[in-house]
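This report concerns only the one structure given below.
Derivation of every value follows stated rules applied to the coordinates shown; laboratory data play no part. Because the structure is a prediction, the values reported are computed rather than measured. A quick note on method: Cβ atoms are made from the backbone with ideal geometry, for glycine too, and the neighbour counts reach across all protein chains shown.
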Amino acid sequence: MDSRSRICEIDPDSGFCHGVVRAVNKAEEILSEGGRLYSLGAMVHNTAELRRLAGKGLEIIDLEGIRRLPEGSTVLIRAHGEPPSTYALAGSRGIRVVDCTCPVVLKLQKDIAAAFAKVCAGSGKVVIFGKRGHAEVNGLVGQTGGKAIVIENLSELNDLDLTGHIELFSQTTRDPGEYAALTDALKQKNSDITVHDTICRQVFGRHRKLAAFAAGHDVILFVSGRDSSNGKVLYELCREHNQRSYWVEDPSEVDPLWIADACAIGITGATSTPRWQLEAVAARCKLYNP
Ligand code: SF4
């Protein structure tokens, strides 16, 4: 193989999702005006991008950090959203909130609040398919005063009291196939269920396209922070469709042996992977051209 016959393609559907682009743009806009800005939690699960934003003056804090900030400080709420208690805490401390909750998550929070209002007087339950402790899930559970049941996987179904009417929702970034399997299993136990279609369209469409992208290349280089839950789901999908899929956080992690005999290299990433990082990995691959 010579270098002219090798293709190194960046997945056209990868890069930040709309929700993250919106939040990062807002942060950069505020920072460019010279203001001090605090982000409640990491804006993206991506160390390199966080380093870039820190260089512009963004500081990451946790809930305890809000208690320590001087009155009048500005705190950005990231795309994942927050429970009502966070807004109450910020309000009580005189903190200015820049709310960058993704509109898709915001709608899901409202729908969960409405469903909970409907069932809470009786024996009904709000059930959320998601990762316990994930920021988005915390924000969703907060809409029910902590009463929603979170299910991470099918194996947990037998340990839960799932009687009464069920309003079922999914975290926006869960795998559509797993959500469908959970829905079927729940219906076997309890037919009194309303299923809400709440997986983000960008994620839903992405799974189908990513499977085809992974299958269509000899090697896949998956670029993402290792603590991204969306990254884990999408990487597993790549592995399912292409055994030669490798996860890298940084271009320096690309092993030339992985791609030595590859004619078609596909570079893709999670919804929290910035485009510039995918381009850096592509540039690294070109250094190893035969
Ligand atoms: S994955 Fe979808 S719902 Fe989640 S932040 Fe991005 S656009 Fe919003």
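Can you order the peptides 220-233, 186-199 by their average number of other Cβ atoms within 10 Å per residue, highest first?
In decreasing order of mean packing, 220-233, 186-199 become 220-233, 186-199.
Sort 241-253, 75-87 by packing, meaning the average of other beta carbons within 10 Å per residue, with the highest value first.
75-87, 241-253
First select every other residue whose beta carbon is under 11 angstrom from the beta carbon of residue 209; then total the charges, Lys and Arg +1, Asp and Glu -1.
After counting each charged neighbour, the total is 0.
Lysines near residue 187 by alpha-carbon distance under 18 Å, same-chain residues fewer than 8 away left out - which ones?
In chain and number order, the partners are 125.
Rounded to the nearest 500, what is the chain's calculated 222 nm mean residue ellipticity when only DSSP H runs of at least 4 contribute -39500 (n - 2.57) each, over all residues?
Mean residue ellipticity at 222 nm (helix-derived): -13000 deg cm²/dmol.
How large is ³J(HN,Hα) for each residue in region 122-131, as worked out from phi by the Karplus curve 6.51 cos²θ - 1.76 cosθ + 1.60 (θ = phi - 60°), to whole Hz, x for Gly and Pro?
Calculated HN-Hα couplings, in order: x, 9, x, 9, 9, 10, 10, 8, x, 8 Hz.
For region 9-59, I need the span (max minus min coordinate) of the C-alpha atoms along each principal axis, in Å, sorted largest to smallest.
38, 18, 18
How large is ³J(HN,Hα) for each residue in region 40-46, as worked out from phi by the Karplus curve 6.51 cos²θ - 1.76 cosθ + 1.60 (θ = phi - 60°), to whole Hz, x for Gly and Pro?
Here the 3J(HN,Hα) series is 7, x, 5, 5, 9, 8, 8 Hz.
Whole-Hz ³J(HN,Hα) for each residue in region 32-38, computed from phi via Karplus 6.51 cos²θ - 1.76 cosθ + 1.60 with θ = phi - 60°, x for glycine and proline: what do you get?
Once rounded to whole Hz, the list reads 5, 7, x, x, 8, 9, 10.
Charges at C-beta only: +1 for Lys and Arg, -1 for Asp and Glu. How large is the resulting dipole of region 18-101 about its Cα centre, in Debye rounded to 20?
Dipole about the Cα centre, nearest 20: 80 debye.
If each Cα of region 18-101 is one equal point scatterer, what is log10 of I(q)/I(0) from the Debye formula at q = 0.11, 0.12, 0.16 Å⁻¹?
Scattering profile of region 18-101, log10 relative to I(0): -0.25, -0.30, -0.55.
If each residue of separation counts as 0.36 nm, what is the full-extension length gain between residue 189 and residue 123 once their alpha-carbon separation is subtracted?
Contour length minus the Cα-Cα distance gives 22.2 nm.
Provide the packing ranking of 30-42, 129-141, i.e. peptides ordered by the mean count of other C-beta atoms within 10 Å per residue, highest first.
129-141, 30-42
So what is the relative contact order for the chain, in percent, with contacts set as C-alpha pairs under 8 Å and at least six apart?
Rounded, it is 23 percent for the chain.
I'd like to know which of 168, 268, 35 lies farthest towards the positive end of the charge dipole of the chain, counting +1 on Cβ of Lys and Arg and -1 on Cβ of Asp and Glu.
With unit charges placed on the Cβ atoms, the residue in question is 35.
What is the sum of charges, Lys and Arg at +1 and Asp and Glu at -1, for the other residues whose Cβ falls under 12 Å from the Cβ of residue 166?
+1
Per residue, how big is the convex hull around the C-alpha atoms of the chain? Give it to me in cubic angstrom, could you?
131
For 276, 258, which order do you get if you count the other beta carbons within 10 Å of each Cβ and list the fewest first?
276, 258
So for region 18-101, averaging the separation of alpha carbon pairs under 8 Å that are six or more residues apart and normalising by length, what relative contact order in percent results?
Computed value for region 18-101: 33 percent relative contact order.
Normalise the Cα radius of gyration of region 145-198 by 2.2 N^0.38 Å (N = residues in it) and let me know the number.
Cα-based Rg divided by the globular estimate yields 1.06.
In cubic angstrom, how much convex hull volume per residue do the alpha carbon atoms of region 104-199 span?
Here the figure is 85 Å³ per residue.
With 31 Å as the limit, write out which pairs from 110/131; 189/232; 189/209 have Cα-Cα distances beyond it, or answer none.
Going by Cα-Cα distance, 189/209 fall outside the 31 Å limit.
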